[in-house]
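Please read the structure below before turning to the comments.
The values are calculated or read from the model by the stated rules, or taken from the named source; none is laboratory data. Everything quoted here is computed from the prediction, not taken from an experiment. Neighbour counts run over all protein chains shown; Cβ positions are idealised from the backbone, glycine included.
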Amino acid sequence: MGGDFQRTLGGLEQESGPGTYDPDNEGYFVILEPGDNPRNLDIVGLNPAEKGLLGSWPEFVDLINLDEMSVYQVLILYNNECVMTLYLQAGVWDEEIEQWLEKHVHHNRE
């Protein structure tokens, strides 16, 4: 799995150029892998008492289709100064999380 996400990040880096990513200017990103708990993301400001990712209202959700997998890109705007982008591989989460992700992809495309 780690290699898959390294290739994903490599592809993202190709879009902006190597060494150009600056979290202070472009926001932070979090990669969630199987075994992580999207309902408890307190470390990135998504309180488990509010169901973590499931309790947030994303600004934007997209499904990125790569050669070997699909990845959800979830943008959460904390305030006008702080944004967090989360990446989650599609198809590896429990039904409730997969439904939440899919619901927000379609919601944001309407």
Can you confirm whether the stretch 67-86 contains a residue that is among the polar types (S, T, N, Q), under 13 Å from Ile31 (Cβ atoms) and surrounded by 16 or more Cβ atoms within 10 Å (Cβ to Cβ)? yes
Report, by residue number, each residue of the stretch 4-39 that is modelled with pLDDT of 90 or more and either assigned to a helix (DSSP H, G or I) or not basic (Lys, Arg) (or both). Val30, Ile31, Leu32, Glu33, Pro34, Gly35, Asp36, Asn37, Pro38
Check on Ile76, of a type in the set (A, V, I, L, M) and free of Cβ contacts under 8 Å to residues at least 12 places away in the same chain: no
Got at least one residue in the stretch 51-64 being free of Cβ contacts under 8 Å to residues at least 40 places away in the same chain, surrounded by 12 or more Cβ atoms within 10 Å (Cβ to Cβ) and of a type in the set (S, T, N, Q)? yes
